[in-house]
Every structure is written in C-alpha cells, then in structure tokens.
1. Taking the range B:434-456, which residues are farther than 30 Å from B:Ala484 by Cβ and touching a helix residue (DSSP H, G or I) at 6+ places or on another chain (Cβ under 8 Å)?
2. Which one of A:Gly207, A:Gly220 is on the phi > 0 side of the Ramachandran plot and more than 10 Å from chain B (Cβ to nearest Cβ)?
3. Kindly indicate the residue of the range B:708-745 that is of a type outside the set (Lys, Arg), away from every other protein chain (no Cβ under 12 Å) and assigned to a loop (DSSP other than H, G, I, E, B) and also surrounded by the most Cβ atoms within 10 Å (Cβ to Cβ) among those meeting that condition.
4. I'd like the residue in the range B:367-382 that is touching a residue at least 40 places away in the same chain (Cβ under 8 Å) and within 14 Å of chain A (Cβ to nearest Cβ) and, out of all such residues, is farthest from B:Thr235 (Cα to Cα).
5. Please find, within the range B:613-646, the residue that is surrounded by the fewest Cβ atoms within 10 Å (Cβ to Cβ) out of those that are away from chain A (no Cβ under 14 Å) and outside any strand (DSSP E or B).
6. Out of A:Ser101, A:Ser120, A:Ser131, which single residue is within 14 Å of chain B (Cβ to nearest Cβ), modelled with pLDDT under 95, more than 21 Å from A:Tyr239 (Cα to Cα) and out of contact with any Asp or Glu (no Cβ under 9 Å at 6 or more places or on another chain)?
7. Name the residue that is farthest from the chain's Cα centre (by Cα), counting only residues in the range B:632-652 that are under 15 Å from B:Asp721 (Cα atoms) and among the aliphatic types (A, V, I, L, M).
Amino acid sequence: MKTTKSRCWCLRYLNWLLDADRRLFLYLFISILFSTGCSKNNEEITPGYEDGKSTAIYDLAGDTNASMSDGVDGKEKRPFYIFLYRFSDKRQIWIRNAADSARYLKTGEWDLAFTGPYNSEVYVNNANDESNPGYGGPATNTAIVRYDQLYSSVTEAPADDIFNQSEISKIGWSSGPNSSGWFNYSLNTHLVVPIKNRIYVIRLADGKYAKLELINVYKGNPPTVSDLNWPAPYYTFRYFVQQDGSKNLNTQ
Amino acid sequence: MYKFYLLMLYLFPLTVFCQTKGSLQGVIYDEEGRAIAAATITLNPDNHFLEVEEDGSFQIADLYAGVYTLAVSHMGYKNYEQSIEITAGQIAQIKIKLQKDTHTLNEVSVNDKLVQSDNLISATNSAMPVTVISRKQIELMGSRRLDEILKEQTGIAIVNNIAGGNRSVGVQLQGFSSEYVMILIDGQPMVGRNGGSFDLSRISVTNIERIEIIKGAASCLFGSEAMGGAINIITRHGALQPQGVASIRYGSLKIVDATLEGETPFAANRGEANLSANFYHTDGFNVNNRYQTSGTTVPPSDNYTSQGRVRYRLAKSTSAGISGRYGLRKSVMTRGYGNDIYKDHMDEADLNASAYLNSTYKNGLQSLSRFYFTHYNWDSKIEWNNGTLGEQNNFLQSVFRLEQQFAYRIAALSLTGGIGGLLETMNDRSLGDIPSMKNGFVYTQGEWQLTDQLQLLGGGRYDYHANYGGRFNPNLGVTYIPAAFLTFKAAIGSGFKTPDFRQRFQVFTNPLVGYTVLGADIARTQLLAMRDAGQLSELRNYTFNKLQQDGLQAEQSNTFNLTATISPSSKWQVELSAFYHHIKNQINSFQVATATDGQMIYSYLNLPKVNNKGLEASVSYKPLPGLDVSLGYQYLLSKDQSVKDSIRTGNWPYYNLRNPATGETFRSKTADYWGLENRSRHMANLRIFYNYKPWDVGLTFRVNYRGKYPFEDANGNYYIDRYDTFVNGFFLFNASVEKKIFKKHLALQITAENIADYTDYLMPGQLGRVVLAGITYRFFK
C-alpha cells in the first residue's frame, strides 16, 4: 500500500517536472550550468613579443646541468657556468674554464653576461665595476637606466647625465626597496616571479643605445609556474639596438 | 597501565563463561502506529548494527544474558535509547515508538551519538559544529578516496601546496590550512605530513563507517594540531551475521578500485572480526598540456590498504579489541617539458595499530583503556632523464600513545574524561637528528540538560609538552530551543599547535637565491657563532632579541560560533551560522641577519594575528520520501593582520602596489589587501540525492562551486592584491546512479565526476572527467 502511494507521488512529481514549460526551463538551467563550467576554460595566452624591429629570444638554455644544492648527488655540484650574449648576431658564448675567461671576458665581444645561480644575475659589459665580468676590459662608458613601463612605450633613451648618474650594476633578485632587479623571489614557494614591464635602457660599449626586457627564466615562458621543478634556466627576453646611434628607441 | 589490565582480569567473575544466552525480538513503529522500515538498531556494549525489516520488526538471537543498551535511529525521527535485560533461555520482547523530529533531516546532527566500543569521546562532544558523513552517503556518491568525499562538503577545499612540492595536497577547513587540521582514525591521531599537508587521498574510504568533521578549534578534545578543526574517520565495526562484500570499479584514467571485505561473529557471538583489503590504481592526469608535454600533474599511483579489527567479550560488560590498518602507496610521476623530463618517485607507508579494553561497572561508570601505535615512512626522489638526481628525502615518524577514558552519567549530566600521554619520534634526512617529543594530557567534557530548552556543553583539556610547558584549552557551548522549530547554538573554544620540527631545528640553505633558514631552537647559537667568526655583516637586533627573549611560542586560536537552525516543517531545514577564528602567534619566517657574503638569514618568529571569519548557510529540502535536496554556502574572509600593519607603517615592500600590466607603482592602502592565498571568498554546493526504494535505485547529482582564489603574489609586495595571480572560479558537476538487484545482493553503479571536464593548470591536483562503472556483491543470509 505504502509503496503504491509513494510511487504515485513520484509519478506526479515527474509529470510536474516534465511539463513542457518546466522542461524548457530545466534544460536551460542545466545547459547554463554546464556552459559556465566549460567556458571558464580560457587559457591565458602568452603575448607575442615580435614587433618587427626588436629581437625576441625564446627559451635560450642557460647552464641546465649545474646545481649548487647539497643532496643533489647526480648533478654536477659546481657554480653555474657564465654565458655571454652578443646583441648583434645573437651569439651565446660559454665561459667554462680559465681559457674561456681569458679569451672573452675583457673584450668588447659581448654585451650581456648571465651569471650566478641559474644564470639569473645579468650584467651589461662594464670595465669600471669590480663585480662585473668585463671589469678592466674595454667597455668603459656603458650604463643602465631602469624604466617601469611598457616595452613599446619606452621610445627614447634618456640624457647622458642620467646614464652617468645611474648606479645599476647587477640585475638580479629585486630584494630591496631600491633594487633594480628583474625578478621577485617567493620565499614561500621558492619560485622566481619576473617583474613585468620593467625595461632596461642601455648605453652600449660602442655608444649605441638599446632597450632590454628580461621576460622569463622558466621553459616555455609560462605566465605562472605551478611546478617547483619547472625546467630552468631557459631565458626568454627581447631587445632593440638603435643602429643609427640616435636615442630613438621607438619600436612600433 | 599493565597493572591495570591485570587487575581487570582478576575482577572478571568466572561465572560469565557459562553458556547463558537469550534473544531479543521487537518492532519499531511511529506515533500513528505504523511500522518504520529501515531504522538502524545499535545494541551496546557489543555495538551490533542491524537494519529493521520492511514490517518494522527485528530479531537478535544468541545474546549473552545481561543488560544492554538499545539505540534506534532513523532519519526524520528522534533517536531512541533504552536499556533492556536479556535473561538466559528467554526471548525478550520490546516495542519501540519513535517520535518525529524535524531536526534530524540533515545529516548534521548533534543528537547523533553512536557509542563506539573503542572510543568514549565522540566528535559530538565538541561544542563546535560537527558534520557527519554517513557510510550510506559515501556509497551512494561512489567515492573511492577520502579527499573526494571531503571536497564536496561545505567550507572544505582540497588545496595543492605548490611550495611543498608535487605531492603536498591537504584539506582546508573554514580557511585553516591543512597543518591546523588534525586527522584521526577512531579517535587516534594519524601522522605523516608533507610540507604540513596531510594528503587525504592516501586513505581509502572502504571500511569507513562514518566521518566526523569538527569545524573550529578542537584542541579541548584532541590537543595540539587540532587548532582549526579535526576530521575523525570511524572504521567499520562487526555485525551479527557473517557477511562479505566484493566490489570492483573501473573506468577513466585506468582507475581500478577493488575491495574485499568480510566480517563474522565467532565463539558463539562472543567475538567478532572484520577484515578488509583494498587495491586502488590510477594513471594520474595532466592539467597542464600547454606547457607540460608529457607525464601528469596528478600523480599516478598504486595503493594497497588492509584493515582488520577483532573484538571479544571477556565478560558481560567487558570487552577487549585490537585493530590495525596498513596502507602502502607507490607512485612514480613523470613530468616532461619537451626534452626536460623528470620522474618523481615516492613510496609511503603507514601503519596504525591499537588495542583497547572497555568495561562498564554496575554504577554506570564506563572505563576504556587504550594503546595506540602509528608509524609513517616516506621515501622520495626526483630523477631527471639525463640521469641526474634532484631532491631526495626520507622521513620517518612514529607515535606511541596510552590513554585512559571514563564516561559517567548522573541524571541530566553526562561526563567524559581522560588522561594519557604520547611519545613521538621522527627522523628526517633533511633535518638531521631530531629529539623525541613527550606530551601528557588530561581532559574532561560534560553535557548538562538543564531544561527541555537549555543544554550546556563544556570542558577543557590540559596538555603538558616537554618543550612548551602546559596549556589549557577550554570550550563551552550553549544550546537553546525557544520553540520546536528553532534552535540556537553558541560555542567558544580554543586551540593550539606547537611548533613543528622544521620550525625548530631546520638548517636550510637555498643557493638559488642565496639565503639560509635556521630553526628557532638552533638559530640563536648558530647566529652567535657566526657573529663571533665574523661571518655576519648585520644582525637585526629587533628580530634577534625577540627570538632570544620569547623563543618560539605555540600558535593559538580562539573560535566563536553562532548557529541558528530553523525547521518550519518536516520538509525544510535552514541552518545559518557565523564563525570567527582568531589566530595568535602564527609562525612565519623573518630575516634575522645578513651574512658577509650577502646571504640573508631567516628564522621563525610568531606573527601577531590572523583572522578567519565567515558565514555558513545550509538549506535542506525533502519534498518526497527518499528525495533530499540540499544547498550549502560559505563566505570566508581570511586575513593576516600583520600585512595591514605593514601597509600602514609603510614597510618595504608592502607599501608598493604595482600594476604589472603597465609597470606603474602606487602606494598601498590597507583596502588593497585581498586576503590569504588559496582561500576562496565564496564556496557553494548543491546536492540532490534520490533513493527510490521500490526499485532499489539511488541517484545523486552534485554541483560544487569554488569562487576565485589567489594563487601567488605576482607583483612582489608580499601580499595578495587585485593585480596578483588568481585561480578562476569554477563549477564541478558530479553524478551517480546505483541499482540493486537480486534482493540487494548485487549493486551496479555508474559514477561520473567533473562531467564538464573543467581543469586549470593552476590546480595541478584536479582530475578531468572521470566515469567509472562498478559492481558490488554482498554476501549475507
């Protein structure tokens, strides 16, 4: 007896649910729920760095075989090899031994040096800075000025006074109030977070002006890193060198 | 303690060993005299479970003569309890009338006090709100692992702790992260955490009778670690008749979940035994196809769990039992980014074993002595495809625990209390030698029914920790029922957590960016030694003095909770609650010195305060018999007050608010602070459960919503603001269908989870769509 009663109830309820209007409403409701579930799947698209004038370098491998950690038994436990970079022909030059150092460091054959752990500390070739790999070399007049704005909106190099006054030497972890580093480091996740839209305008050894944006150290230039072991260092960066010697850095 | 057991043995009169059996027959009906089918009967002290027949009748044979407590519970009715005497050679007859109760429609019910033979303390002794998940619900949802069940509960999220590595996944409860939520099995603490997180996916839900979740400080019951709450897993007890279950599920991601379970009484019903074994396999899943070209982000794993329990009645009112559980997980996860591929190996095993003796004296005093041992072992290594090895770790933790519990009831006052101690040892390759920890505790909890409208619940626990001295944690709850349809509850409680080994003894140097972290207990001597050796360029006097004077204090929390339950009719129930958790002395790392080589040296210090506050609402609607619709919602604000202070005082880098899209930097205001990482402001769920008895069909449909939550600080000001990286809000849809055939012997089930296949690479632990088919066979008479 009880059973039939409850079944009746149930059928009546089903009827009610399946009544045409309500059915429409129900389908609508469910499809909205599902579509919100699906449409949320928008992936962040990495912006293109090509503007026709600048040079964009993607995933330039740094010294991926070194390790400075204890307990990393298999990897070579040694400091990371420095690599140098030359803007004019995109050449990467490795400094692996004393012979390499003697051959390249005190020369004008390079513009940038990627040094330190994970090659994350970047220098512009400079003869006067004691910590600079190019110390005592020919690059006597180089300087860096920092801008916090969009790469494309940095259209002109500043006056020489400003270059001369700039004290920026190493570009690495932005670890203090006046630091001009190119990344933040999370003590919580131990991951590097690049500072977006931080542009370095450089006076090069040959007197030409350039602008540089260091974009990422992680492979594939992900917007956010979600794996502590995400492969690094793989450098993504872009730059523009004004060949005519003027201060015009417009790349649009 | 051994003397105590010996004494107990002498006390047993030998006469009880004679064959003196009787039986019990009865019928359950409602206020209108109609039979109630499917009510659950529990007979104590044996703790026999029994489901009533369709005509409301039940029968239990082969009972030893003596006085039993019979409890009857059924959804929609008030729980019933009475004592009954069984006389040898006679059949005792009983008729039980259940009264309708509007308050038990929801599974969340404080009246739900199933007595367990191996634990006199129930989560419901806590003044804090308790959610109970029943075995029925777990079975109907078709969940396999504990995390799957919990992530669908209101106010609970399963969170990946990226900082803790690939495998650090834990539960978040009302804004408390996993390290503040204690996990217990049958009321005994489980150990084994990775970066503070307890990965609940290592626990199979096979053999779980029910899960109790205490939301809010529960240190008054469980001591340190239960600062933000506790999750107590209650394993299955034996039954009256021999029965067994064999079940297998298979489907997406090559998930296999196979279970064998058997239970039987023995020695003419004096004893009972329960054994179960489970195998679970998953291939894992990759949510990050865009960047991760091979392998998975959710680890593949093979899991083996076996569990057993034996209980034996030594005398009329004395029983003893042992139980054990062993879980083993083996996992090798590959993660590949183009040619850079590494394997993350992990083996973990945990063993839990306990023995107890439960006696009830003539005056009604119940005593329970129990011993518990648990051991956890973790082995992990990272191996790159070019043969190089990444981080490796080995970690062992074990706990020995002895406890004596008492329960006593005088008229309207029921009291529970206990005393005990534990010894914890640990061995961690990365931390070096760790001294063992000793902890003693004593607690009491009382429940007092003053009038029909007013109930008081309160008590406290005193913990003595060899390194941190004594700490008393009280709690108090008041329940007031002004009208039949309305209940108010107010609760206050406190909790604490002693600093862990890492915070005390760690020496960690990160060469990547050049800094060192020193555990607080060793920082002082290390720093002084470094200073004397001329290795420090700067010693921060403020932080160093604080470290020297105060040392590292235990973290503390105070919880306030107000709940109103309204049941306008038997079909509806609405519950609203407001919670406020005030956390003091939260431990965080601070810079204490700078070395001459420019390395920064950090140690741990207590932060002033963190607040989690919010609202929880639930609505339950039962329009038809067997149909349950419920809606849950949580609003949460979780903020670190010291961030606001730092913004106000203008400390670097807190005063910076940088818009990464333009490179502009503004001055921060306190209103720019969004809250703590991984906490969603809004979380909601909708659940529809339908059980159509005549066809033995069960259906569930569940929608879970998690609002957007912060992933990391992207603009370098050490706090979360609107410009930082957030994980988008999302909906997950789950459903299941179950049909029982052959007189309920055979059950066929199809479950579908994450039907819309929603994933985000910032949620590495989220599986895509999973569809499984399952078949379960139950052996019973």
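The values are calculated or read from the model by the stated rules, or taken from the named source; none is laboratory data. Every value quoted in this text rests on a predicted model; they were computed, and no experiment measured them. In this analysis, Cβ positions are derived from the backbone assuming ideal geometry, glycine residues included, and neighbour counts consider all displayed protein chains.
1. Those that are farther than 30 Å from B:Ala484 by Cβ and touching a helix residue (DSSP H, G or I) at 6+ places or on another chain (Cβ under 8 Å): B:Ile434, B:Tyr443.
2. A:Gly207
3. The residue in question is B:Asp721.
4. Ranking the qualifying residues of the range B:367-382, first place goes to B:Ile382.
5. In this case the residue turns out to be B:Asp645.
6. A:Ser131
7. Checked the range B:632-652; the qualifying residue farthest from the chain's Cα centre (by Cα) is B:Ile647.
Condition check ((1) charged (D, E, K, R); (2) touching a residue at least 60 places away in the same chain (Cβ under 8 Å)) across all residues:
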| site | (1), (2) |
| --- | --- |
| B:Asp302 | yes, no |
| B:Gln307 | no, yes |
| B:Ala315 | no, yes |
| B:Ser323 | no, yes |
| B:Lys330 | yes, no |
| B:Tyr337 | no, no |
| B:Tyr361 | no, no |
| B:Leu365 | no, no |
